[in-house]
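One structure is given here, and the rest of the page talks about it.
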Amino acid sequence: MTPKIADIRLVASHPEVYEPCDDSFALVDALLADRMNLLQLEPKMCLEIGCGSGYVITSLALILEQDTNSSVHCFATDINPDAVEVTSATLKAHGVHAEVMNMDIASALEDRLSGLVDVVVVNPPYVPTPEDEVGAGGIVAAWAGGEDGRSVIDRILPVADKLLSEKGWLYMLTLAANKPSELCGLMRKKGYASKIIVQRSTEEESLHVIKFWRDPDSEVQIKKTMANRGSPTSIFSRLSRLSFSGHGNANSK
Amino acid sequence: MRLLTHNMLSSNIKGVTDGFPLKIEAGKVVEKEVDMNTDFLKNIFTKIEWKPFVEAAKTLGYSELPEDVDPSLLDSQDFLTKFHHALLEIHLEEGALVCPETGRKFPVSKGIPNMLLHEDEV
C-alpha cells in the first residue's frame, strides 16, 4: 500500500501564502523515506515551524496516523496570519488535526514545550536575500533568508534544540547556499549527529533535507578533540566534513 | 484551540517574567469528538500543569475535572475519559488569551491563537 500524504488538489491556497513547490515535496519525500523509523519512534508530539500551505504538516499527520497503535499530537506555527488559516483549511480537507498557531518560530511555546517535542520539521525561508527583506511579512517571509539564506535558520536551530525531547529528531530543508555542512557543524557542537536523507537538484536550486538527532558520542568526541588538538576553527571545518561522510550508518535504528 | 495547547502557551512579551498560564476569555466553544488513546494520555499527564488546566476547563464550561490529581488516577477509566475530553475535545474557537502580567490580549479566531508580538514587545 502506498503511504498516504497530502493530496495536492486538496491543499488550500491564498495569494499571500507560499504554495507547495519542489522544496515542500523534497521535505515530504524525506519523511516518507524515513517513515519506518518515524513509526518506530512513536512520537507523541510533533511540530512544524513555518507551516505555510499546510502541505508538510498534513502529510506528517497522515503518515503517522497509519500506525494505528500510536496517537500523536501535532502543532504547526507560522508568522504569516494568512498561512495559518490556509494550513487549517488544508488539514480539515484531509480530515486530520494539528493545532495551528500564529507566532514567530515557536516563541510562545518555547518555555512549556521545552524537551517535549519528538519530531520538528522545518522548511525555512532559505533564499539568500538582502537582510531588510527578512521578516517583511506576507509571502516574502516564506523565502527571504537574508545573508546566505541563514538569518532565520540560525534563529530556528537553537529553538529546535530547546524543544526536542531526548529521542527527538529535526528534519530541515536547506539550500546549498545555506552551507549545510556548516549547519551540521553548528549542531554537532550542540551534541547532534546529522545525515542528509534527501538530496535534489532542480534547474534553479540544489536542495538537501538534513535529519538531526542527539548523539551523546558526538558531544564526547568534540570535547576530546577540543582538548587534544588545535584551535576550534580547524576542528570546526573537520567536523563539518565528518558530519557528511562519517556518520551515515549511525542512524540505522 | 485545544486545552492541551493552552497548557503549552505562554506570553513572551519582553520583560514578562511569568507569562504562564494565559487567562482565557471564552467566546465560542465547540466540541469535536476524537478517539481516546490511553497511552497518549498517560504520557502527556506528567507534562500538564494541572491547576491551570482545571481553571481553563472551567472557563470553557467543563467542571468535571478533580482539583487535585496523582498518577494513581490514571488507572481509573472515569478519570481518563474526563481528562481526554477536557484535553483534546473541547476547543476554544473564538475568544482571547490574556497575558497574566500585562493584561495584553492575544486574540483567538477560527480556533487559531494569534501570539504575534508588536515591535515594541519583542
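Residues are listed down the side, and each one gets a yes or a no for (1) within 14 Å of chain B (Cβ to nearest Cβ); (2) surrounded by fewer than 24 Cβ atoms within 10 Å (Cβ to Cβ); (3) in contact with a Lys or Arg (Cβ under 6 Å, 6 or more places away or on another chain):
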{"site": "A:M101", "(1), (2), (3)": "yes, no, no"}
{"site": "A:D104", "(1), (2), (3)": "yes, yes, no"}
{"site": "A:R112", "(1), (2), (3)": "yes, yes, no"}
{"site": "A:V119", "(1), (2), (3)": "no, no, no"}
{"site": "A:V122", "(1), (2), (3)": "no, no, no"}
{"site": "A:D132", "(1), (2), (3)": "no, yes, no"}
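Which of the strands (runs of 3 or more DSSP E) contained wholly in region A:19-109 include at least 1 residues that are hydrophobic (A, V, I, L, M, F, W, C) and without any contact (Cβ under 8 Å) to a residue 40 or more places away in the chain? Lay out the reasoning, then the answer.
Values: elements: A:45-49, A:73-78, A:99-102.
Correct list: A:73-78, A:99-102.
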On the basis of being crowded, with 18+ Cβ neighbours inside 10 Å, farther than 21 Å from A:D22 by Cα and of a type in the set (G, A, S), does A:A83 make the cut? no
When residues of region A:14-47 are limited to those that are farther than 26 Å from A:D118 by Cβ and in contact with an Asp or Glu (Cβ under 6 Å, 6 or more places away or on another chain), the one surrounded by the most Cβ atoms within 10 Å (Cβ to Cβ): A:V17
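Taking only region B:1-28 into account, find how many residues are of a type in the set (D, E, K, R), more than 9 Å from chain A (Cβ to nearest Cβ) and not in a loop (DSSP other than H, G, I, E, B).
If we filter region B:1-28 for residues that are of a type in the set (D, E, K, R), which is where we start, we get B:2, B:14, B:18, B:23, B:25, B:28.
Narrowing the set further to residues that are more than 9 Å from chain A (Cβ to nearest Cβ) leaves B:14, B:18, B:23, B:25, B:28.
Next cut, not in a loop (DSSP other than H, G, I, E, B) only: B:23, B:25, B:28.
Going through region B:1-28 one residue at a time, the tally reaches 3.
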Members of region A:120-163 found to be touching a helix residue (DSSP H, G or I) at 6+ places or on another chain (Cβ under 7 Å), outside any loop (DSSP other than H, G, I, E, B) and in contact (Cβ under 8 Å) with a residue 24 or more places away in the chain, listed by number: A:V120, A:V121, A:V122, A:V127, A:D148, A:G149, A:I153, A:L157
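Here, each number is a calculation from the coordinates, and none is a lab measurement. The structure presented is a predicted model; accordingly, all values stated were derived computationally and were not measured. We place every Cβ from the backbone using ideal geometry, glycine too, and count neighbours over all the protein chains shown.
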